[in-house]
Structures are given as structure tokens and as C-alpha cells.
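No value in this document is a laboratory result; all are computed from the given coordinates. These numbers come from a predicted model, not from an experiment. Quick reminder, even Gly has a Cβ in these numbers, built from the backbone with ideal geometry, and neighbours come from all protein chains shown.
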Amino acid sequence: MKGKRGSRPVARGKARRAKPKVNRPRQKRLPGMEDAKIQAIEDAAMDYAAARDKRQAASVTEIETKQELMRQMKKADKKKYVRGEIFAEITPEGEKLKVRIGKHIEAEESEDVEI
């Protein structure tokens, strides 16, 4: 039986082995050549890093103040606090804190009625 490419017989049932792919070495930088400085990219990278660092610092402060508010509400044995434009509530699922300031709170929502 002849194979497709030539007169050599092809063995049935045997898989042909694929030759391993050889990675060619990359060309190294030539001495004296440097990447051109792209000022717009460098400025944008520096601006991003500064904004990221500022956000991370604010996040730490937010967590600390949230924990303090939860401590104060637990100390006063309050699950919900409503006064004027301030609304704070500890939700039962996962001990999450919900806070709204300055939004109009309707009378039905702000009243805690006990019967």
C-alpha cells in the first residue's frame, strides 16, 4: 500500500510523532539603544499610581470609621438609628452597615413603633 506522499508504505494504527516546536531566541537590545521615552504614558502611569494610593488610604480610614460606628450602635443597643437627615442601620445578614446622610427620609421609615 502506498502512502499519500511517496512510495513509502504507511503503517496503520500508528500515530505520527509531531516534531517539537523550537523557540527561536529573541533578539537582544543592541548596545546604546534604549526605548524612547513616551512622556504621556509616564505621566498617566504616575497619575494612576497616585490616585490608587490615595484610594487605598481612604479605604483604610473608611473601614476604621465604619467599625467605630458599629461599636457605638452596639454599645447603645441600636440596630437602627434615625435622626434628622441621618439614617444608620445594621442589617442582620452578615452584620452589614447601611448609612444615608442628607437624603429625605419619610416619616413612616423614620418612626420605630412598638406596640
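Taking every eigenvalue of the Cα gyration tensor of the stretch 39-110, multiplying by 5 and rooting it, what semi-axes result, largest first, whole Å? Before the final figure, lay out each step's value.
On the way: eigenvalues 260, 50, 17 Å².
After diagonalising the Cα gyration tensor, the semi-axes are 36, 16, 9 Å.
For the residue pair A40 and E62, what label-to-label distance in nm results when each label sits 7 Å from Cα along the Cα-to-beta-carbon direction?
Once both label points are built, they end up 3.1 nm from each other.
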